[in-house]
1. Restricting attention to the stretch 36-86, report how many residues are of a type in the set (Val, Ile, Thr) and at positive phi.
2. Find the residue count for the stretch 133-155, including only residues that are basic (Lys, Arg) and surrounded by 15 or more Cβ atoms within 10 Å (Cβ to Cβ).
3. So, THR63, is that one of a type in the set (Ser, Thr, Tyr) and either surrounded by 21 or more Cβ atoms within 10 Å (Cβ to Cβ) or touching a Cys at 6+ places or on another chain (Cβ under 6 Å) (or both) or not?
4. So is LEU27 of a type in the set (A, V, I, L, M, F, W, C) and surrounded by fewer than 20 Cβ atoms within 10 Å (Cβ to Cβ) or not?
5. Looking at the stretch 93-112, is at least one residue more than 16 Å from ASP60 (Cβ to Cβ), modelled with pLDDT under 90, basic (Lys, Arg) and surrounded by fewer than 19 Cβ atoms within 10 Å (Cβ to Cβ)?
6. Of all the helices (runs of 4 or more DSSP H) wholly in the stretch 1-87, which have at least 3 residues that are among the small types (Gly, Ala, Ser), more than 11 Å from the chain's Cα centre (by Cα) and closer than 24 Å to PRO141 by Cβ?
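The values are calculated or read from the model by the stated rules, or taken from the named source; none is laboratory data. Because the structure is predicted, anything quoted here is derived from the model rather than measured. FYI the Cβ positions are ideal-geometry reconstructions off the backbone, even for glycines, and counts take in every protein chain you see.
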Amino acid sequence: MNSRNIVLIGFMGCGKSTVGQKLASALSYDFLDTDAIIEATYGKTIARMFEEDGEAFFRDAETEVLRKLEKEADGVVLATGGGMPMREENVALLKKIGTVVFLSTEIETILMRLQKDTGRPLADGEDREKKLRPLYEKRLPIYRNAADLCLHTEGKSFSEMIEEIETFMKNRE
């Protein structure tokens, strides 16, 4: 494990990208987002990849990105896709890449954040709550088991979250 890297996991809409960018800035680290890497590599959006190539293809692409990052990432904050930890192989790779932080956010907060978001293939459709709540419940224990730190985000400012992560990292050294 590269003790300098921080890997953010959690359900879609929990704030991985936003928290990750602010954390990277505070630590003078690079910020990477696995979804952005995949989109740049394949030249299409995640939504289009799901539509044209299928979810299995996308999940394989996620694993390939992690294999590459395991060798190259140093001094990075990495935001991952919400489904990334669903594969055991991915969890092992995430742990090799760095300290895994689960951004734990209530489903009600996530549903509110995703109301107008149309770029998420697994959230598309009429009744998002009916679609997302079971997926959230299924993933929750997997996120918890994969994480070195479970960070509850409800009611916390970005600076409070960053401070909590920094304190955890210092105590791990």
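1. Quick first cut of the stretch 36-86, residues of a type in the set (Val, Ile, Thr) only: 37-38, 41, 45-46, 63, 65, 76-77, 80.
Filter once more, so that each one left must be at positive phi: none.
Matching residues across the stretch 36-86 total 0.
2. Kept after step one, since they are basic (Lys, Arg), are these residues of the stretch 133-155: 133, 138-139, 144.
If we keep only those that are surrounded by 15 or more Cβ atoms within 10 Å (Cβ to Cβ) as well, we get 133, 139.
Counting residues in the stretch 133-155 that are basic (Lys, Arg) and surrounded by 15 or more Cβ atoms within 10 Å (Cβ to Cβ) gives 2.
3. Details: of a type in the set (Ser, Thr, Tyr): yes; either surrounded by 21 or more Cβ atoms within 10 Å (Cβ to Cβ) or touching a Cys at 6+ places or on another chain (Cβ under 6 Å) (or both): no.
For THR63, the condition - of a type in the set (Ser, Thr, Tyr) and either surrounded by 21 or more Cβ atoms within 10 Å (Cβ to Cβ) or touching a Cys at 6+ places or on another chain (Cβ under 6 Å) (or both) - is not met.
4. Values: of a type in the set (A, V, I, L, M, F, W, C): yes; surrounded by fewer than 20 Cβ atoms within 10 Å (Cβ to Cβ): yes.
Yes, satisfied.
5. Within the stretch 93-112 (the criterion being more than 16 Å from ASP60 (Cβ to Cβ), modelled with pLDDT under 90, basic (Lys, Arg) and surrounded by fewer than 19 Cβ atoms within 10 Å (Cβ to Cβ)), the answer is no, since none of the residues qualifies.
6. Values: elements: 16-27, 34-42, 46-53, 55-72.
Hits in the stretch 1-87: none.
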